[in-house]
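Below is one structure, written out as structure tokens; comments come after it.
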Amino acid sequence: MSREFWVSSGHHLTRRLPDGTLAVTDELLTAYLARPEILPPEEACPAERALHASLLESPRRTVSPDEIAAIADPDARENWTFFVDYRDRLVAAGSIEAAWLSLVRTGAVVPPLFLNQLLHLILRNALDGCDDPYVLRAAELFFRPQRVSTGDGGAILADAELIEEFEGRAPVSPLVAMLDKSLADELDVMDDGNAWTYWSRSDAHTMAMAIGAAQKARAGLARAIEIFLRHLMGIEARVEPMVEIEDQDWRWFVGLDAEATAIGNRLWRGETVSLDDRMRVLALFRLDFARHAPVDPRVEGHPVWLILAMSADKVVRVKPQNLVMGLPLRENAS
């Protein structure tokens, strides 16, 4: 029996389809209706309340434009227009995985919150049965931004939302401020002595990850990338952490975030990369496709380099869609 983790993903509201993906169930759609962005406030008009109540009873029912137009508040009309379109996309896709891929590939304008919720579910499904807490903690980067602080041996990643909550509750101590450290330093950093506690705290996100000093942390992110590509796109590849780009004839790279993409583009163009840019690179990976992978002939036989970086405000915002859209695959592959 596999161990439980990420209960907050809502995976218990869905079910696995024969192809291994997750179904878009009525229970999942109903859970969206309980979100604060959708739940009618006390001052909501009767039309909005009636629409919400009817969808609770039948979450897939067709919603006419007139029903939304009847809502008095213009912001509420905008929210409901978005939600109904989003719901219809989920239902039409048939699975959570297919829905996320469709949203990414069509360039749909969707708030990061909703894309991250889908990713949370997708990775909970893909990692079901995983017994390595380093892989699970690293996979959180796919759907939760991280705040970076500096510890012994390099960068430490902690959940950005959690740190913001800490800093909002209490002022930073003079000692912490003097050392220019984040409250991330007060969290437990995963190591072999405490990794076992991850299972009971996976939904609290109270475990930091020493991506700069811990080989197991970087290897965990490499495995998470492999599993993500295999589950979502059917792509077999081997990903390994690297200290530097060793290939003088590198053909392709993918930035795992916007900062890494910008830095990689400067390297690609042969421009001088500043020391500040280099300091913001947190990790490098080498991705080698399996022999049967549908690789673009221009890159066949060559590795793809993956770059992870932090922003100027020391936040890591991984964009998994960069892997989907940026890998050198033959047209119509996956």
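The values are calculated or read from the model by the stated rules, or taken from the named source; none is laboratory data. Only a predicted model underlies this, so the values are computations on that prediction, with no experimental measurement involved. Cβ: placed from backbone, ideal geometry, glycine included. Neighbour counts: every protein chain shown. Accessible surface areas use protein heavy atoms only, side chains included; no ligands, DNA or RNA. Shrake-Rupley method; radii C 1.70, N 1.55, O 1.52, S 1.80 Å.
Picking from 92, 108, 99, which residue would you name as being at pLDDT 95 or above, of a type outside the set (S, T, N, Q) and open to solvent by 10 Å² or more (accessible area, probe 1.4 Å)?
Numbers: 108 fails: at pLDDT 95 or above; 99 fails: open to solvent by 10 Å² or more (accessible area, probe 1.4 Å).
Checking each option against the conditions leaves just 92.
Out of the residues in region 201-216 that are under 19 Å from the mean Cα position of the chain (by Cα) and over 17 Å from residue 316 (Cα atoms), state the one that is surrounded by the fewest Cβ atoms within 10 Å (Cβ to Cβ). The selected residue is 204.
Within region 317-330, residues that are within 13 Å of residue 232 (Cα to Cα) and at pLDDT below 95 sit with their Cβ atoms under 9 Å from residues that are open to solvent by 50 Å² or more (accessible area, probe 1.4 Å) and not in a helix (DSSP H, G or I), at 6+ positions apart or across chains, in these pairs: 324/334.
Note on region 227-240: residues that are surrounded by fewer than 17 Cβ atoms within 10 Å (Cβ to Cβ) and touching a Lys or Arg at 6+ places or on another chain (Cβ under 8 Å) amount to 2. Can you tell me which residue within region 51-80, out of those that are within 30 Å of residue 16 (Cα to Cα), in contact with a Ser or Thr (Cβ under 9 Å, 6 or more places away or on another chain) and touching a residue at least 12 places away in the same chain (Cβ under 8 Å), is most open to solvent (accessible area, probe 1.4 Å)? My answer is 56. Screening residue 322 on (1) part of a loop (DSSP other than H, G, I, E, B); (2) touching a Gly at 6+ places or on another chain (Cβ under 7 Å); (3) not basic (Lys, Arg) shows it passes everything except condition (1).
Among the residues making up region 259-285, those that are in a helix (DSSP H, G or I) and basic (Lys, Arg) are 266, 278, 280.
Within the group 313, 288, which residue is of a type in the set (Asp, Glu), in a loop (DSSP other than H, G, I, E, B) and open to solvent by 40 Å² or more (accessible area, probe 1.4 Å)? Spell out how you get there, then give the answer.
Values: 288 fails: in a loop (DSSP other than H, G, I, E, B).
Step by step, each of 313, 288 is checked, and only 313 is of a type in the set (Asp, Glu), in a loop (DSSP other than H, G, I, E, B) and open to solvent by 40 Å² or more (accessible area, probe 1.4 Å).
Within the option set 115, 123, being open to solvent by less than 20 Å² (accessible area, probe 1.4 Å), out of contact with any Lys or Arg (no Cβ under 9 Å at 6 or more places or on another chain) and among the hydrophobic types (A, V, I, L, M, F, W, C) holds for one residue only, 123. Can you pull out every residue in region 33-50 that is acidic (Asp, Glu) and either closer than 15 Å to residue 67 by Cβ or surrounded by 11 or more Cβ atoms within 10 Å (Cβ to Cβ) (or both)? The answer is 37, 48. One residue stands out among those in region 247-284 that are more than 20 Å from residue 155 (Cα to Cα) and in contact (Cβ under 8 Å) with a residue 40 or more places away in the chain: the one that is least open to solvent (accessible area, probe 1.4 Å), which is 254.
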